[in-house]
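Structure first, then comments.
The values are calculated or read from the model by the stated rules, or taken from the named source; none is laboratory data. Every value quoted in this text rests on a predicted model; they were computed, and no experiment measured them. In this analysis, Cβ positions are derived from the backbone assuming ideal geometry, glycine residues included, and neighbour counts consider all displayed protein chains.
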Amino acid sequence: MLKPTHIQGVSLEDLAAQFGTPLYLYDGEKIVHQINALQQAFAAVPLRIKYATKALSSLGILRLIRKAGAELDAVSIEEVKLGLLAGSTPAEIIYTPSGVSFAEIQEAVQIGVMVNLDSLPLLERFGQTYGSTVPVCIRINPHILAGGNLKISVGHKDSKFGISIEQLPQILELVQQYQIKVVGLHLHTGSDILDASVFLKGGNVLFDAALHFPELKFLDFGGGFKVGYHPNDKATDVAEVGRIVGEAFQAFCAKYGRQLELWLEPGKFLVSEAGYLVVKTTVVKETPTLNFVGVDSGLNHLIRPMMYDAYHHIYNLSNPTGALHTYTIVGYICETDTLGSQRELNTVKEGDLLVIQNAGAYGFTMASNYNARLRPAEVLVWEGKAFLIRERERFEDLLRNQVTIDL
Ligand code: LLP
């Protein structure tokens, strides 16, 4: 795995000195490269990329993604609003909430985004309220078990997401009863899916269901492309997925009688590798069993290692050629927050900068103020220049919504 010292010619050490640590850094070129790669892979079909906003929703990133030609998948009204603030139009956004109240659906309809419904009661309410006046998408649960681990596998039969494919007759009944204008069918099977055939399997479920909906404009295959976190990890071959799924999609459209659009909702694939969390070594602590490296960050800034046992590659930016030793890198949170267990790193001393890779997706967006710690600044590097896109939090931010009471 490469251990970059520079992004687009800009030194990581300089950025850490300028903006401080811990610091989230994003390589804008990498994001655009990934968008282009997907567009090329699916060049044979009319493609729309709906970036999964939840992966990284900072306005600067959303703006860049839009500029590069991708649209948005939002899962909350707040994400919709962030997308609009970043310049997306309502028509570019698909809103795919899970288990929200009908009031939130109404708000989305008012804003004018495409709504993706994921339960029969919501579909019925939607039909009663809007009849055929508002085009809508339906999220299908395809009963496919796939994904990096069970927490991020969401298309299996026991998952809360979508309307079970076995309930297709009930869907059709409601659509018929209220004359609901279904223009899209959607599925998202899970995250970290390596095998191209899983995308085709999901596609086949959509194709079969789609024949029952004559007014379709698109089929949405969700996201879930796996990126390489571990040096030995394989990543999804998107060119292969594009070829296999694209071909099957075109064959389906011929059968359907009309050319539809194919939508994708990548999150990790677009932003994971573009992101680096730069942290500073606060202590090197030898115990009878382990060499700990403590850093000025922790599970409050990157929860993936603790939440999913995720591997994130870590390297010593300050001492790239020093002798290798085995370290366990831990955060400063008062709870076990191992960022990397038993890793070979060039000799680490206090003050050294470590870089945690693949931190772009579900890094900052899942960060918290646990232990009353502040969240890091974010910097986007674009065209060889560094842009601060989010200021480091200050103590006052912790107090902002608190109400002082006299007891
Ligand atoms: N579309 C829908 C409807 C989704 O629920 C998700 C992710 C995506 C697209 C994008 O999936 P991606 O391409 O990023 O795999 N926090 C976890 C991942 C949770 C994914 C939730 N849904 C992690 O850090 O691994």
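A single member of Ile138, Ile144 is within 16 Å of the ligand (Cβ to nearest atom), in a loop (DSSP other than H, G, I, E, B) and either in the same structural domain as Glu107 (by TED's automatic domain parsing) or under 29 Å from the mean Cα position of the chain (by Cα) (or both), and it is Ile144. I'd like to know if region 277-295 contains one or more residues that are within 19 Å of the chain's Cα centre (by Cα) and within 28 Å of Ile31 (Cβ to Cβ). Yes: region 277-295 contains one or more residues that are within 19 Å of the chain's Cα centre (by Cα) and within 28 Å of Ile31 (Cβ to Cβ).
Only residues that are surrounded by fewer than 22 Cβ atoms within 10 Å (Cβ to Cβ) and touching a Leu at 6+ places or on another chain (Cβ under 7 Å) were counted across region 106-119, and they come to 0. For region 305-347, residues that are among the polar types (S, T, N, Q), assigned to a loop (DSSP other than H, G, I, E, B) and under 29 Å from the mean Cα position of the chain (by Cα) total 1. At least 3 residues being more than 14 Å from the ligand (Cβ to nearest atom) and in contact (Cβ under 8 Å) with a residue 60 or more places away in the chain is the threshold, and among the strands (runs of 3 or more DSSP E) wholly inside region 215-304 those reaching it are 275-286. Among the residues of region 341-372, just one is within 29 Å of Thr53 (Cβ to Cβ), away from the ligand (no atom under 16 Å from the Cβ) and touching a His at 6+ places or on another chain (Cβ under 9 Å), namely Val355.
Okay, residues lined up against (1) outside the structural domain of Glu344 (by TED's automatic domain parsing); (2) touching a helix residue (DSSP H, G or I) at 6+ places or on another chain (Cβ under 7 Å); (3) closer than 21 Å to Leu62 by Cα:
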| position | (1), (2), (3) |
| --- | --- |
| Pro231 | yes, no, no |
| Gly242 | yes, yes, no |
| Ala248 | yes, yes, no |
| Arg258 | yes, no, no |
| Val278 | no, yes, no |
| Thr282 | no, no, no |
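Quick test for you: out of Gly202, Gly190, Gly223, Gly155, pick the one residue that is in contact with an Asp or Glu (Cβ under 9 Å, 6 or more places away or on another chain) and either of a type in the set (Ser, Thr, Tyr) or surrounded by 21 or more Cβ atoms within 10 Å (Cβ to Cβ) (or both). Write out each step before concluding.
Values: Gly202 fails: in contact with an Asp or Glu (Cβ under 9 Å, 6 or more places away or on another chain); Gly190 fails: in contact with an Asp or Glu (Cβ under 9 Å, 6 or more places away or on another chain); Gly155 fails: in contact with an Asp or Glu (Cβ under 9 Å, 6 or more places away or on another chain).
Answer to the check: Gly223.
Considering region 83-103, the residues that are within 16 Å of the ligand (Cβ to nearest atom) and surrounded by fewer than 19 Cβ atoms within 10 Å (Cβ to Cβ) include one that is modelled with the lowest pLDDT, namely Gly99.
Please verify whether Gly203 is more than 19 Å from Ser159 (Cβ to Cβ) and in the same structural domain as Thr96 (by TED's automatic domain parsing), treating the condition exactly as stated.
Numbers: more than 19 Å from Ser159 (Cβ to Cβ): no; in the same structural domain as Thr96 (by TED's automatic domain parsing): yes.
So Gly203 does not fit the description; no.
Can you tell me how many residues within region 363-407 are among the hydroxyl-bearing types (Ser, Thr, Tyr) and either outside the structural domain of Tyr332 (by TED's automatic domain parsing) or farther than 16 Å from Leu56 by Cβ (or both)? Result for region 363-407: 2.
Report yes if some residue within region 162-180 is surrounded by 22 or more Cβ atoms within 10 Å (Cβ to Cβ), in contact (Cβ under 8 Å) with a residue 60 or more places away in the chain and not aliphatic (A, V, I, L, M); otherwise report no. Scanning region 162-180 turns up no residue that is surrounded by 22 or more Cβ atoms within 10 Å (Cβ to Cβ), in contact (Cβ under 8 Å) with a residue 60 or more places away in the chain and not aliphatic (A, V, I, L, M).
Residues being in contact (Cβ under 8 Å) with a residue 40 or more places away in the chain, more than 16 Å from Pro142 (Cα to Cα) and more than 16 Å from the ligand (Cβ to nearest atom) are entirely absent from region 186-205.
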